[in-house]
Structure formats: C-alpha cells, structure tokens
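Colleague: Handing you a structure now.
The values are calculated or read from the model by the stated rules, or taken from the named source; none is laboratory data. Since the model is a prediction, treat every value here as computed from it, not as a measurement. Positions of Cβ are generated from backbone atoms using ideal geometry, with glycine treated the same way; all protein chains shown enter the neighbour counts. Side chains are part of the model used for accessible areas, which takes the heavy atoms of the whole protein and leaves out ligands, DNA and RNA. Shrake-Rupley method; radii C 1.70, N 1.55, O 1.52, S 1.80 Å.
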Amino acid sequence: MTDKELIEQLKRGDLPSYEALMERYTPYVLAVIKRVGKERLTYEDLEEIASEVFLKLWQKRKKLEIQAGKEKAYIGVMTRNETLNYLRKCKRLEELPLEEDWLELSEELGPEQQLLNKEKRSLIRDALEQLSETEQTLFVRRYFYFEKVMDIAKSLGMKEQTVATKLFRGKQKLEALLRERGIKG
Amino acid sequence: MRLKVSNLVESLQEEILKEIDEVYVEEELKLNIKRKTLEKIYANNESSFKQEASKKVYRRTTKRFLALVAVLIGSVGILVGAMSVNDSIYEWFSENISVILPHAQEINASVSQNGLTVTVDTAVAGNSGGLILISVTKDDGSSFEGNEEFKTFKVMVDEVGSAGSSYEWDFSQDKKKMTYIVNLSVLDTLTYKPVTLKASDLAIVTPKEKEVPINLKEILQKEPPTQDVFDRPEGEGISLQHPDCDARLQAVYFEGDKLCIEMAYTSKEKGLWQRVSLVDTRTGKLIDTSRGSSESSTGESNLSFTKDIYEGLTVADLPYLKLMNQYNDYEYLALGEWELHFKLNPNENVKKSKRTYKIPVEEGYVEVNQVELSIVGGSIEGKAVYNETKEGKDISLTEDFTSQLPIILRMKDGTKVQMYHYLSSYGGDNGEYGSYIKPGKPWESYAEEEKERLREEALEKRYVRVPGFTSILPEQFIAIEKVESLQIKDVVIPLY
C-alpha cells in the first residue's frame with residue numbers, strides 16, 4: 001500500500017493501516033527526533049516522543065488532509081514540533097535570544113504580505129540559497145534545530161566566536177537579500 | 001518591520017527535514033514505541049480503538065435493541081481489560097498488537113511457592129477458544145538459564161464436552177521471565193467455565209536415548225494381532241523399563257512390505273513420554289515412519305498406543321535394525337505443583353450467523369445452525385439430515401462434513417482466508433455435530449520441505465513473536481470488523 005492509501009485507511013480508523021504506518025515511519029520519526037534532540041535526549045525520551053507523534057497522528061486521523069507525496073514531510077514536521085515541545089517541557093531547550101532571532105526590516109508589511117504564503121516561501125528559499133553553504137548549515141543548525149553556538153562550533157571544529165560572527169553576517173546578508181526580493185519598505 | 005529568522009528558516013522545514021535519512025531501529029525499540037502509543041490510545045477515552053469498532057456495529061443494529069446492549073456491554077468489558085494487559089502480550093504479538101488488543105482480557109491469577117510465581121496474565125479469546133498467556137518468574141528476581149520447563153503442564157476446562165489444548169513456551173530477553181502460551185479450543189462455551197492450570201516440577205530436560213536389547217526377528221509375529229489395542233490386557237507386552245513411563249512393545253509384524261510396531265505407554269502423568277524408533281545399523285540412520293503411524297490415548301489412565309509403520313522393509317532387514325528408546329531426562333530445579341483456577345470473560349466482539357443454512361451433501365444435507373467467529377477461530381454447530389437409505393443413516397458423512405468440506409472466510413475487501421477444522425464432535429445417530437475452525441491449514445497438509453522451512457522460520461522468530469506458523473499460534477489473527485461471511489462448500493453464510 002502506498003502512503004496515501006495508508007493515510008486514507010487511517011482516516012477511516014483502520015487499525016492495521018495505522019500499524020503499518022507506524023512500522024514504516026518509525027525509522028524516519030526516530031531520525032528526526034535524534035536530529036532535533038541530539039544528545040539532549042535519552043533512549044526513553046526517544047520512545048516517549050515517537051509514541052506522542054504516532055498518538056497525535058491517530059487523534060488527528062479524521063481531519064488529516066495531506067497532499068499526495070507529502071506524507072513524509074507532514075510526519076517530519078509533526079515530529080520536529082513534538083520534539084521541540086518535549087525539550088521545552090523538560091527545560092532542555094535553550095530558546096533563541098530575541099535580539100539574535102529578530103531580523104529588522106525597515107517597513108511594515110501589509111496584512112496581505114504577512115509571511116509565510118507560498119510566494120514568500122519561494123522568495124525566502126531563494127534568499128537563503130544565496131547564502132554560502134557554511135552559512136546555510138549554520139542557519140539551519142542554529143535557527144531550525146536550536147543548537148547552541150558552542151555545540152555547533154565544537155562539532156564543526158570552529159571557534160565559538162567565528163560561528164557567532166558568521167551567523168551575524170549571514171543575518172545581515174539575508175536582510176539585504178530579502179529587501180532585494182521585495183520584502184522591504 | 002521585524003521578522004524572526006527562525007520563522008524564515010522554518011518555512012523551509014519540509015525541505016530540511018526531507019534531507020534526514022532514516023535510521024536503523026532495533027526491534028525492541030520499535031516494539032516499545034508501538035506499545036507505548038497503543039497504551040496511550042487506550043488510556044485516552046475519547047479515541048479508543050474499541051469505540052471505533054462499536055460504532056460500526058451500532059449502525060448495523062439500531063433496530064435491534066438487544067443486540068446493541070450486548071455490543072455495549074462487550075465493548076466496556078474488553079476496553080477495561082485491554083487497558084492494562086500484561087507485558088507478555090506485546091512480546092508475543094508485537095506485529096499484530098492493534099488487532100489483538102481489543103480482544104485481550106487481563107486475568108492476573110497468581111500462585112507463589114517454592115521460589116516460583118506462576119501467573120495467568122492475559123487471554124486473547126473468543127467464546128469457544130483462544131490463547132492464554134502464563135508467565136513464570138523467580139521470586140528472588142534472578143534469571144532462568146533458558147532451558148528450563150515444567151515437567152508437566154496442563155490447562156483443563158471443566159464443564160465442557162470436547163476440549164483441545166496445546167502449549168509452547170519461551171523466555172524474555174533478559175531471561176527473567178518464562179512465558180507459556182496455551183491454545184485452548186472447546187466445542188462449547190468457554191466463558192465463565194472453570195479453567196484449571198496445573199504445572200509441576202521445574203526442570204532442565206535433556207532428551208536421551210538407549211538401545212533396546214531386543215532381537216526383532218525373534219519376536220516377529222506371523223500375523224497382526226486380532227485383538228484391538230484397547231481390549232488388550234493392561235501390562236501385556238515386553239516392558240522397556242523407565243522411571244516415568246512404562247513402555248511395552250506389544251506387537252511386531254509385517255503387513256505386506258510394511259513393518260508394523262505397536263507400543264503401549266503408561267505414563268505416571270500425562271505429558272511424560274518416551275518413544276521407540278528404528279535405526280538401520282548399516283547406515284546408522286533413523287528410519288522414517290510412514291504416515292500410517294497412529295496414536296490414540298485413553299482419557300483417565302494415561303495409557304496411549306502407537307502403531308508405527310515402516311515401509312520398504314523385509315524380514316531379511318530385521319537383523320540390521322536396532323530399536324532405540326527415546327526419553328527425557330529431568331534435572332529438577334524446583335519441585336512442587338503450581339495450581340491456579342480462573343475463568344474467561346465473554347467477548348462480544350464476535351461475528352455470528354443469523355439463521356440456519358443448508359449445505360447439500362451426497363446423501364442429503366447438513367444444517368448449519370450457528371456460526372460464531374472470533375479473532376482466533378470459530379465454532380460451527382448444526383445437524384446432518386440424511387436421506388434414509390437401505391443401510392440406514394451413515395454417520396461418517398457428518399464426519400466428512402466437519403473434516404473435509406472446504407471452508408473459506410470472506411473479508412469485506414474481497415480477500416479470502418482458508419480455514420480448517422481443528423476439533424470436531426458428532427452426536428451420533430441424531431446427526432448433531434460441532435466443529436472448531438481456525439485460520440490456516442492443518443499441519444499435516446504441509447509438504448515435508450515446507451514444514452521444515454516453517455519450523456526454521458518459527459525458530460528464527462523466537463521471542464518477538466509473529467503469528468507465523470508455529471504449532472501453537474494461529475497462522476493469522478482474524479480482523480473481526482473486516483469479516484463479511486463464511487463460505488462452506490458453495491454456501492455463503494453472512495456473518496453479523
């Protein structure tokens with residue numbers, strides 16, 4: 001059965017299909033949890049988070065509207081969110097300082113331009129792709145996986161200060177790139 | 001305007017997450033995740049599996065108040081049971097756990113003595129049969145060696161006619177728990193009937209064999225014995241001494257080119273055995289018994305008889321044949337008897353026929369009055385109505401009906417499941433019969449190579465069990481909510 005067929009069956013409350021989805025996606029779900037949680041998670045945490053992901057999938061089954069071919073992405077996003085929530089709950093997630101996370105653009109966007117619709121996503125993707133490979137890696141690790149600067153530096157064999165500087169410069173570059181692409185005053 | 005970089009990056013999360021490669025997951029972790037998830041679902045009242053199932057039944061039975069009441073009672077009972085079923089059920093049925101859990105009921109009857117605790121944990125059962133999980137642990141918390149077993153192990157159902165039971169056992173990965181699984185089938189209602197478990201003497205069992213100093217040529221009889229085995233005087237024959245089981249060689253004779261060896265065994269307790277086998281000293285190999293080998297046993301006296309048939313032999317071969325006595329040797333670890341009494345609750349999550357159906361047979365027809373199907377198997381009850389012939393009624397037709405007619409389970413999605421008769425009884429001249437059916441094929445119907453493959457497969461799958469072929473577990477579990485009908489011969493019987 002394809003993922004789509006399994007999801008369709010799950011929506012009808014079909015238990016074997018649910019079980020088959022669990023079987024199929026456990027390796028991926030665990031991979032995402034491990035990537036997001038890294039050394040912040042124990043073996044028991046992995047079990048707990050993965051079971052929460054599958055529980056949510058069951059609870060939401062009747063309202064699942066997943067575009068064909070996007071099943072993996074859907075489950076991946078659910079898993080990341082669940083992992084971050086878990087880390088927050090256990091106070092094992094160091095939130096990004098606001099000043100580090102904020103990107104200042106000169107003017108307000110109109111409500112119709114509020115991020116993040118499809119076009120904006122494309123613009124942002126385009127802007128992010130303009131960053132160097134190192135900058136992209138750092139951005140993903142810092143702003144998507146919320147890894148500590150110290151840990152990123154250690155794993156990449158860089159100085160902490162170098163990572164911080166690269167992130168700062170990357171932010172400036174991103175700001176400029178976004179302005180160029182119309183997200184500007 | 002201010003934007004969060006984390007939000008910007010998050011807008012690309014699908015692409016980022018897609019890059020992550022799957023990791024290898026150990027079976028144990030997979031199992032634990034599945035188990036935890038299902039436990040959470042059960043603990044969550046608004047979304048139990050059971051409610052899904054009962055809603056479906058409700059739609060079909062809105063006009064039948066009584067049926068609805070039965071369904072609701074059933075669902076409450078099962079849900080309560082399923083919420084706290086024992087670990088063993090996950091260990092044995094991990095791959096089908098969501099199908100099985102709604103049918104599981106916790107028993108939790110326990111007895112401790114002589115350093116061992118025996119607990120009847122859980123049952124997965126319909127109203128006339130099912131699987132019972134029984135765990136054994138050491139009171140001091142230590143591990144088993146992994147080669148222990150009870151010298152005798154019996155599960156008996158009182159107040160029913162015919163009952164069949166078989167069991168196997170295995171150890172948990174840390175060897176701190178030993179689990180017996182019993183497959184019980186009755187031709188009656190099993191629920192609320194007293195069930196007794198008796199286990200005695202934990203031991204390490206070593207199969208042994210010794211040569212029987214008998215010259216087959218000297219004791220060869222010219223003719224087969226005229227007296228039926230059951231009518232022979234007890235104690236007749238040559239005794240092959242053994243402390244647990246008296247084996248007597250009763251007859252050695254030829255039927256054409258077939259050498260027949262008849263034995264009588266009287267064991268102190270049921271389950272203790274010894275067997276004789278034949279070795280060709282020219283090749284040093286065991287000679288296979290042909291399929292004509294038969295075994296029968298009497299209920300009370302632990303007396304059983306076998307007739308082993310060896311093909312392709314002549315009198316000239318006899319001096320080269322050696323009779324070997326195979327038996328078990330016991331190294332006792334804990335002596336005593338562990339006895340438990342328990343009852344199974346009814347499982348209303350079954351499918352039933354609504355009226356009588358007639359199956360045409362050569363000499364008349366057979367009525368099927370009731371079919372009831374559960375997750376592990378089902379019962380068929382009815383009566384054969386034969387045309388009167390000059391010879392009178394031929395009761396063997398009922399036997400043929402219950403053992404030979406093809407039975408197919410038809411599922412709503414169009415798939416079919418082959419069923420076979422596991423246990424049957426006949427009421428004599430009135431033509432009444434009862435049959436217990438299971439999914440799959442009888443063991444005898446598999447070719448030798450296939451049996452060997454299935455045995456190996458079953459061994460590989462030890463511990464994390466799947467309902468593949470083992471001698472005890474059903475070949476597959478029946479997803480009850482997907483069952484549409486049962487087809488016997490050409491007659492389709494809808495199940496509700």
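Colleague: Might you let me know whether the range A:46-63 holds any residue that is at positive phi and either open to solvent by 10 Å² or more (accessible area, probe 1.4 Å) or touching a Lys or Arg at 6+ places or on another chain (Cβ under 7 Å) (or both)?
Modeller: Looking through the range A:46-63, none of the residues is at positive phi and either open to solvent by 10 Å² or more (accessible area, probe 1.4 Å) or touching a Lys or Arg at 6+ places or on another chain (Cβ under 7 Å) (or both).
Colleague: Which condition breaks for A:E129 when tested against (1) within 10 Å of chain B (Cβ to nearest Cβ); (2) among the charged types (D, E, K, R); (3) open to solvent by less than 60 Å² (accessible area, probe 1.4 Å)?
Modeller: (3)
Colleague: Let me confirm something: among A:V53, A:V32, which residue is within 9 Å of chain B (Cβ to nearest Cβ) and under 30 Å from A:F168 (Cβ atoms)?
Modeller: A:V32
Colleague: Same structure again: Could you pull out the residue among A:Y86, A:Y143 that is modelled with pLDDT of 85 or more, within 18 Å of B:N7 (Cα to Cα) and in a helix (DSSP H, G or I)?
Modeller: Criteria check complete, one pass: A:Y143.
Colleague: Any idea how many residues of the range B:1-15 are facing chain A (nearest Cβ under 7 Å) and either touching a residue at least 60 places away in the same chain (Cβ under 8 Å) or open to solvent by 30 Å² or more (accessible area, probe 1.4 Å) (or both)?
Modeller: 6
Colleague: Go through the range A:146-168 and count every residue that is assigned to a helix (DSSP H, G or I) and within 13 Å of chain B (Cβ to nearest Cβ).
Modeller: Of the residues in the range A:146-168, 2 are assigned to a helix (DSSP H, G or I) and within 13 Å of chain B (Cβ to nearest Cβ).
Colleague: Then there's this: Is it true that B:L131 is in a strand (DSSP E or B) and modelled with pLDDT under 90?
Modeller: So B:L131 fits the description; yes.
Colleague: Across the range B:171-197, what is the total count of residues that are modelled with pLDDT of 80 or more, among the charged types (D, E, K, R) and buried (at least 18 other Cβ atoms within 10 Å of the Cβ)?
Modeller: Counting residues in the range B:171-197 that are modelled with pLDDT of 80 or more, among the charged types (D, E, K, R) and buried (at least 18 other Cβ atoms within 10 Å of the Cβ) gives 1.
Colleague: Do we have any residue at all in the range B:445-461 that's of a type in the set (D, E, K, R), buried (at least 17 other Cβ atoms within 10 Å of the Cβ) and modelled with pLDDT of 65 or more?
Modeller: No; the residues of the range B:445-461 include none that is of a type in the set (D, E, K, R), buried (at least 17 other Cβ atoms within 10 Å of the Cβ) and modelled with pLDDT of 65 or more.
Colleague: Of the conditions (1) in a helix (DSSP H, G or I); (2) modelled with pLDDT of 85 or more, B:I20 satisfies every one except a single condition; which number is it?
Modeller: (1)
Colleague: Based on what the data block shows, is B:K154 within 16 Å of B:F342 (Cβ to Cβ) and of a type in the set (K, R)?
Modeller: Here the answer is yes, as B:K154 does meet what is asked.
Conditions (1) under 30 Å from A:M150 (Cβ atoms); (2) within 7 Å of another protein chain (Cβ to nearest Cβ); (3) surrounded by fewer than 17 Cβ atoms within 10 Å (Cβ to Cβ), marked per residue:
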{"position": "A:I7", "(1), (2), (3)": "no, no, no"}
{"position": "A:Y18", "(1), (2), (3)": "no, yes, no"}
{"position": "A:E44", "(1), (2), (3)": "yes, no, yes"}
{"position": "A:E65", "(1), (2), (3)": "no, no, yes"}
{"position": "A:I75", "(1), (2), (3)": "no, no, no"}
{"position": "A:N85", "(1), (2), (3)": "yes, no, yes"}
{"position": "A:L96", "(1), (2), (3)": "yes, yes, yes"}
